[in-house]
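What follows is a set of notes on a single structure, which appears directly below.
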Amino acid sequence: MTHVTNAIPRSVEAGRWAISTVFLLNGAGIGLWAAHVPTVQARMGIDTGMLSLVLLTIAGGALMAMPLMGGLTGRFGTRRMVLLSGFAFALMTAVIMGMPSLPLLFVAAFLFGVSNGALDVAMNANASEVETARGVPTMSSFHGFFSLGGLFGASLGGVLVGQGLGHGEGALMVAVATAVVLALTAPRVLGFAAHASGSHFMLPRGAALGLGLLALLCFAVEGALVDWSALLLEERTGASPASAALGYSAFSIAMAACRFAGDRIILRVGAMRVMVIGGLAMFAGLALAVLSTNFVMSSCGFALVGLGAANVVPLLFGAAARIPGMHPGAGVAAVATLGYGGLLLAPPVLGWVAVHSSVMVALGALSLSGIVIALSAGVLKK
């Protein structure tokens, strides 16, 4: 393994760590938002129904930005789009936490979604190019950095909320730090030749549609935990807002650890078996989290979900890259389209379900996604 790494140019390795840093910063911003959701809801005095509309606005902004960014990365190159969307995301991370009125919160939510969706497409496109340049499977580690960032952001957010800095003051400090780190990282983000007619965003078709729907289910679980895990812990276990943020932290740290070890696990156990075990772990973990009234047990449930979900998406992306008659990049982009749609749309949809029942029922129903994923492991053979 050492001789392969030594053959990789230093500039490519520097580019790998630079885009890994961007994944980390993006995850931290999402984790920070997850920790602030209950505080924002309380400050605005809104119920779960109105909160779900705010989350839907974030999803709408992101989904509008994704196809546009796909075209822009093809026209202007991924490096430029990573940096532009990265700085925009840092700004909106601070803005959304401190809005003084509900109308302004909706405006900020839309722009937060736009910046996050744009960054999501740009950084994954750049990561794909870096992986190709390295000639070594690397995508799992990029997503591991995103999960690690989610852990850091959620933990830091819990501390800020606990210290009375949850109304935008703390988020502003984090946003400034994020912008500084991004500026320092910028020179090392690799630039690749732009393709005016190319796009890193493609609509799913054929075999990619089935893989994309499975990715949607997996991302839906992750998106639901971003926005609803803290509220579930508050309702079911009586945890304080600061403590409740640790539920998402448990999910993030378990997912990050398993993603960093993903390539070795798949090599030893086999791809299909990893997907079956992963799906069953997602089901069992969510069931434990929603049924338990004990804070530690529910947090362990979230951690089990993280372990199970960690390598399902990399496996699906790998299968998408091998679809007969379809360019690898196009296959991955097509599956990612539906996958990220699940990440963004699941929280507001579950919010609607929660309004008519409870957060526990909404997340409990979502646990069935794990069963579907486990039963569908055969797609990796095709």
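The values are calculated or read from the model by the stated rules, or taken from the named source; none is laboratory data. Owing to the predicted nature of the structure, the values given are computational and were not obtained by experimental measurement. Cβ sites come from the backbone with ideal geometry, for glycine too, and all protein chains shown count toward neighbours. With ligands, DNA and RNA removed, areas are computed over all heavy atoms of the protein, side chains included. Shrake-Rupley method; radii C 1.70, N 1.55, O 1.52, S 1.80 Å.
Points worth noting:
- From A90, A42, residue being buried (at least 21 other Cβ atoms within 10 Å of the Cβ) and either over 15 Å from V130 (Cβ atoms) or not small (G, A, S) (or both): A90
- Filter pass, A65 being within 18 Å of the chain's Cα centre (by Cα), over 24 Å from G158 (Cα atoms), part of a helix (DSSP H, G or I) and among the hydrophobic types (A, V, I, L, M, F, W, C): yes
- In segment 107-114, the count of residues that are on the phi > 0 side of the Ramachandran plot, surrounded by fewer than 20 Cβ atoms within 10 Å (Cβ to Cβ) and either not assigned by the TED database to the domain that holds G166 or not hydroxyl-bearing (S, T, Y) (or both) is zero.
- Members of segment 187-203 that are within 22 Å of the chain's Cα centre (by Cα) and either at pLDDT 90 or above or aromatic (F, W, Y) (or both): V189, F201
- Checklist (1) surrounded by fewer than 24 Cβ atoms within 10 Å (Cβ to Cβ); (2) at pLDDT 90 or above applied to G27, failing item: (1)
- A14 in contact with a helix residue (DSSP H, G or I) (Cβ under 6 Å, 6 or more places away or on another chain), surrounded by fewer than 20 Cβ atoms within 10 Å (Cβ to Cβ), modelled with pLDDT of 90 or more and within 30 Å of V136 (Cα to Cα): yes
- Only one of the numbered conditions (1) aliphatic (A, V, I, L, M); (2) touching a residue at least 40 places away in the same chain (Cβ under 8 Å); (3) buried (at least 17 other Cβ atoms within 10 Å of the Cβ) is violated by M272, and that is (3).
- Within segment 255-269, the residues that satisfy the criterion of being open to solvent by 10 Å² or more (accessible area, probe 1.4 Å) and assigned to a helix (DSSP H, G or I) are A257, C258, F260, D263, R264, I265, I266, L267, R268, V269.
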